[in-house]
1. For the range 345-392, enumerate the residues that are under 30 Å from THR118 (Cα atoms) and in contact with an Asp or Glu (Cβ under 6 Å, 6 or more places away or on another chain).
2. Among the residues of the range 8-26, which ones are under 23 Å from the mean Cα position of the chain (by Cα) and in a helix (DSSP H, G or I)?
3. Which condition breaks for ILE282 when tested against (1) at pLDDT below 70; (2) on the phi < 0 side of the Ramachandran plot; (3) not in a helix (DSSP H, G or I)?
4. Of everything in the range 75-106, what is in a helix (DSSP H, G or I) and touching an Asp or Glu at 6+ places or on another chain (Cβ under 7 Å)? Give them in sequence order.
5. Pairs, please: C-beta under 6 Å, at least 6 apart or cross-chain, first residue farther than 13 Å from TRP408 by Cα and free of Cβ contacts under 8 Å to residues at least 60 places away in the same chain and in the range 350-364, second buried (at least 19 other Cβ atoms within 10 Å of the Cβ) and not aromatic (Phe, Trp, Tyr)?
6. So in the range 319-337, with the set limited to residues that are of a type in the set (Gly, Ala, Ser) and more than 16 Å from ILE146 (Cβ to Cβ), which one is modelled with the highest pLDDT?
7. Can you run down the residue pairs with Cβ atoms below 7 Å, 6 or more apart or on separate chains, where the first is in the range 184-202 and of a type in the set (S, T, N, Q) and the partner is surrounded by 12 or more Cβ atoms within 10 Å (Cβ to Cβ) and at pLDDT below 90?
8. Can LEU69 be described as surrounded by fewer than 24 Cβ atoms within 10 Å (Cβ to Cβ), within 23 Å of SER407 (Cα to Cα) and modelled with pLDDT of 95 or more?
Amino acid sequence: MKNEEFGHIEVIKKKHRHQTYWDMFATWVGANANNGTWYVGGVIAACGFVTASTTLVIVGLASYTLLALAGYMGYKTGIPAMGLTRASFGLRGSFLPSLINLVQFIGWAAVNTFIAATSISYILYDLLGWPVYGKPGGAKGLVLGILVMSVLHLLSTSMGERSVQIIERLGIILVFALVIWESIIAFQQVSLSDIIAWRPPSSAKMSAGAAVDVLAAFNLAWVTAASDFTRFAKKKSSSTWAPFLGADLGLIWFALIGIIATIATAITLEHFDPNNSDPSTIASKLGLGILAMLVIIITSTTANAVNLMSAGSALTNMTRKFSLRASLIIVTIVSVFVTFIPLFYSTFLDVFTAFLDGIGMVLGPEIAIFLVDFYFVQHQNYLSDQFTRKNGAYWYSNGINWSAIISWALAVCGYWIIKQIPVLADTVGATPLAMLLAAVIYICLAKFAKKERPAN
């Protein structure tokens, strides 16, 4: 019984790793240089330029420090992200973070696909005269856009990690060239001084704490995917500095474009509407043209290559039967159906903000436990041969580490309570405090747990 296997995990040995620093940098720039990041920037524009941009940089640096820490875990062990959660949550308990990852990355893939499909509807309007999405008959162009993007996503993940590497290498060059052009166009519309001086209407104003939670929900998603890619890195710096710098560059650059373009649109139209943060709407109203729409489509493909790869990895850990390639096909098909959900709501913004609230509440505590277990509880000494062993070091109580589950549940409740306290929710935000709460509770429970930790 002691040597019985509990699902296979592919461990990438260092001699089989081929991803360079540039590959890792390109992957994480591509993960954030996309329409979803632009849209998030537009949403937090409701804080005003100074508050939004300052919060963006601070939260970005903090979040992607955690990304670098998670990236090193993949480099040291060669184990995928959700496989690593078996050490902290237990072999069976890892189904919880795997389910969270599966849902969130399918959700992010759907978000990016929907925004890119909206861009395709604008292109079809310019080329064929079809109504754009949001106008009578506009659903036709959107549906075609979703199908086109879904085919591109299947192609981008068809060969697993190798096809993701290829799409990121090609995509990053196009992204850099085209986004530089977009940045220039955006600043030509309205002066920087006008953008800085603009203030949102009181009815739509967002607090700094609310912006922290929006950005945290967006940024932290990548932390749970880090080792899915860094386990293929040749060098330690490729697994830590490359993700940190690449993700921050993509985030700050694209979110700033979203902030600036949304405020520029508000100034130009003399009306602020958070729904205008959709990059297709901004590009159209600022006259950026078809080329800008193509940028949105390209960046959606590069970002969703990472989203779908991570969702596929989570599904593989949960089922223990599907290969990664089979899981990628399944999650890509599921994401197609999920993409249609916003069609049944009044605005895409409503769906997007509800999605962010849900993800932020459950994700932060999971990540805190995941990182604290590796760095503080088990002191970076994970035993690779124990990740598939029933009754082994990570079996805990019938496959579940209840210290992790209880810590996570209490922190999720804490997040909801903090959200009801304006002095905290509007300043610091609920996410950092919930993560701190999860970390403290887990360390205390782990210290006094009856189950002994594996020996060094």
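1. GLY360, the sole residue that qualifies.
2. Here is the first cut: in the range 8-26, the ones under 23 Å from the mean Cα position of the chain (by Cα) are 19-26.
Answer for the range 8-26, where residues must be under 23 Å from the mean Cα position of the chain (by Cα) and in a helix (DSSP H, G or I): TYR21, TRP22, ASP23, MET24, PHE25, ALA26.
3. Unmet for ILE282, out of (1) at pLDDT below 70; (2) on the phi < 0 side of the Ramachandran plot; (3) not in a helix (DSSP H, G or I): (3).
4. Step one: of the range 75-106, the residues in a helix (DSSP H, G or I) are 75-77, 81-89, 95-106.
Those that are in a helix (DSSP H, G or I) and touching an Asp or Glu at 6+ places or on another chain (Cβ under 7 Å): ALA81, ALA87, SER88, PRO97, ILE100.
5. Note: pairs meeting the criteria are VAL351/PRO342.
6. Within the range 319-337, the match that is modelled with the highest pLDDT is SER327.
7. As it stands, the answer is GLN189/ALA264; GLN189/THR268; GLN189/LEU286, since those pairs meet every condition given.
8. yes
The values are calculated or read from the model by the stated rules, or taken from the named source; none is laboratory data. Treat the numbers as computed from the prediction; the structure is a model and nothing was measured. Backbone-built Cβ (ideal geometry, glycine too); neighbour counts: all protein chains shown.
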